[in-house]
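The values are calculated or read from the model by the stated rules, or taken from the named source; none is laboratory data. What you see is a predicted model, and the numbers here were worked out from it, not measured in a lab. Cβ: placed from backbone, ideal geometry, glycine included. Neighbour counts: every protein chain shown.
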Amino acid sequence: MSKLATTKMSSRGQVVIPEKIRKRMNLSAGSQFIVMSEGDVVILKRITAPATEEYRGLIERVRAKAATADWPQNYFEETYGVQATDPIERPSQGDYPERDVLK
């Protein structure tokens with residue numbers, strides 16, 4: 001199976017990746033690429049998410065580092081899946097005087 005194909009760039013700068021290549025590489029709408037160029041060569045490199053095992057390895061390394069950094073013991077379990085719209089609930093750390101409302 002040939003790995004070479006030709007294509008053209010549109011007036012809007014869009015390049016179509018030939019169907020045979022898209023199917024062989026399992027590319028679909030929304031696939032992301034890094035674009036590199038040097039001289040008259042342009043290279044598209046597909047960006048893929050790391051495998052789950054890579055994440056697990058990273059988490060274990062961070063947990064080991066956290067164990068020596070005085071982080072709360074269950075930090076990862078308590079913050080897993082937290083998003084900016086779902087703030088972490090923390091116990092009160094004392095009473096503070098109220099501040100004036102900014103206008």
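Assorted remarks:
- Residues that are exposed (fewer than 10 other Cβ atoms within 10 Å of the Cβ) and under 23 Å from the mean Cα position of the chain (by Cα) within the range 1-31 comprise Asn26, Ser28, Ala29, Gly30, listed in sequence order.
- The residue that is modelled with the highest pLDDT, among those in the range 60-103 that are in contact with a helix residue (DSSP H, G or I) (Cβ under 7 Å, 6 or more places away or on another chain) and assigned to a helix (DSSP H, G or I), is Arg63.
- Residues of the range 32-55 that are of a type in the set (D, E, K, R) and either more than 21 Å from the chain's Cα centre (by Cα) or loosely packed, with under 10 Cβ neighbours inside 10 Å (or both): Glu38, Asp40, Glu53.
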